Amino acid sequence: MGRLLAQRGHAIRYDLSFYGYGRDMDGRQVRNFDLLKAFPRLAFMSVPRWKRSLYRRCFRHTGHYPNETTAEWLDQRPPVFLGGYYPDVQQMYADYQELFQPDAMVLDMANRAIYDAIPDNAVAVHIRRGDLAKYTEAYGYPATVEYFTQAIRMLEARLHHPKFYFFSDDMDYVRREILVSLADEIDHQVVENGAEHGYYDLLLMSRCSHHITSKGSLGKFAACLNPHRGIAIVLKEDRQLGPLAFADKEIIAL
């Protein structure tokens, strides 16, 4: 959003105050500002505290997506503080892969070894739990075990000897509910980084050509960082596709 508005001649600054105490909706898992850890070459400027307070108080405009789906935020004129949530527009993703270029050098040694070993026919399976392990008004019901097992078996049948990489903020759940019935059927690897290193998972998933996504955005954004066309499986009731809605991917809704 910021880059698109900057292309219209506006000076853009980012409010990072959330990350001073960032937590998920349950208040349990940390939400750090990891964008520049994953993409250190980004041009990015945060707003000073005094200006943030002034703009929030005097120039605030709040988006109400998904209840409000117009792209009128593109026509906002400064001074303005854009808060809330706004709908995606295709223009946002025209330079997506150019802007966000995965760099394996940001990974630690263990994750770099995984990154280098990921084959061309790899499948990233992102299983979001945490605050989305239950019904929420914004995201609806969580993805089921049946969804993941059906998606895995579908890609196992379609692809030539795929290897499945599992990413989750609750790997005990993955082992207990999903891998217990699949571990002997598929070539797979479990990747455990935890919420505090979610950007490691983002870069590793972006290395995979195919993706099984969950509720939330991490797996979807990772899929669009991969230059291959690939297959992306999404939940049929999931309407928050982000860049996947505009990507050159084969999207299968289950």
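Quick note: the coordinates plus some simple rules give every number you see, no bench work behind them. In this text the structure is predicted, and so the values were computed from the model without any measurement. All Cβ positions, even for glycine, are placed from backbone atoms using ideal geometry, and neighbour counts span all protein chains on display.
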Residues of region 122-156 with the amide nitrogen closer than 12 Å to a label point 7 Å from the Cα of Glu185, along Cα-to-Cβ, please. 146-156
Note: region 132-209, point scatterers on Cα, Debye, no solvent; log10 I/I(0) at q = 0.13, 0.18 Å⁻¹ equals -0.45, -0.87
Inter-site label distance for Met1 and Glu68 at 7 Å from Cα along Cβ, in nm: 1.1
Separation between Cα centres of region 194-235 and region 47-73, rounded to whole Å: 29
Report, in deg cm²/dmol and to the nearest 500, the calculated mean residue ellipticity at 222 nm for the chain, where each DSSP H run with n ≥ 4 adds -39500 (n - 2.57) and the sum is divided by the residue count. -7000 deg cm²/dmol
Shape of the chain, Cα gyration tensor, a/c cut at 1.5: prolate
Using alpha carbon centroids, what distance separates region 16-32 and region 114-192, in Å? 25
How much net charge surrounds His10 when only the other residues with a Cβ under 12 Å from the Cβ of His10 are counted, with Lys and Arg +1 and Asp and Glu -1? +3
At R0 = 35 Å, how high is the FRET efficiency between His161 and Ala11 if r is their beta carbon distance? Nearest 0.05 is fine. 0.10
Residues other than Gly84 with Cβ under 13 Å of its Cβ, Lys/Arg counted +1 and Asp/Glu -1, net out at -1
Evaluate E = 1/(1 + (r/R0)^6) for Gln150 and His61, where r is the Cβ-Cβ distance and R0 equals 45 Å; express this FRET efficiency to the nearest 0.05. 0.60
Sites Asp108 and Asp170 - FRET efficiency at Förster radius 25 Å, r taken between beta-carbons, to 0.05: 0.70
Taking only the Cα atoms of region 67-163, how large is their convex hull per residue, in Å³? 212
For region 104-253, one quarter of the surface area of the C-alpha convex hull, expressed in nm², comes to 8.3
Kirkwood Rh, Cα Rg: Rg to Rh for region 2-96? 0.96
Report the gain in length on full extension from Ala138 to Ser217: 0.36 nm times residue separation, minus Cα-Cα distance, nm rounded to one decimal. 27.2 nm
Put a dot 7 Å past each Cα toward the Cβ at Tyr115 and Asp34; how far apart are the dots in nm? 1.3
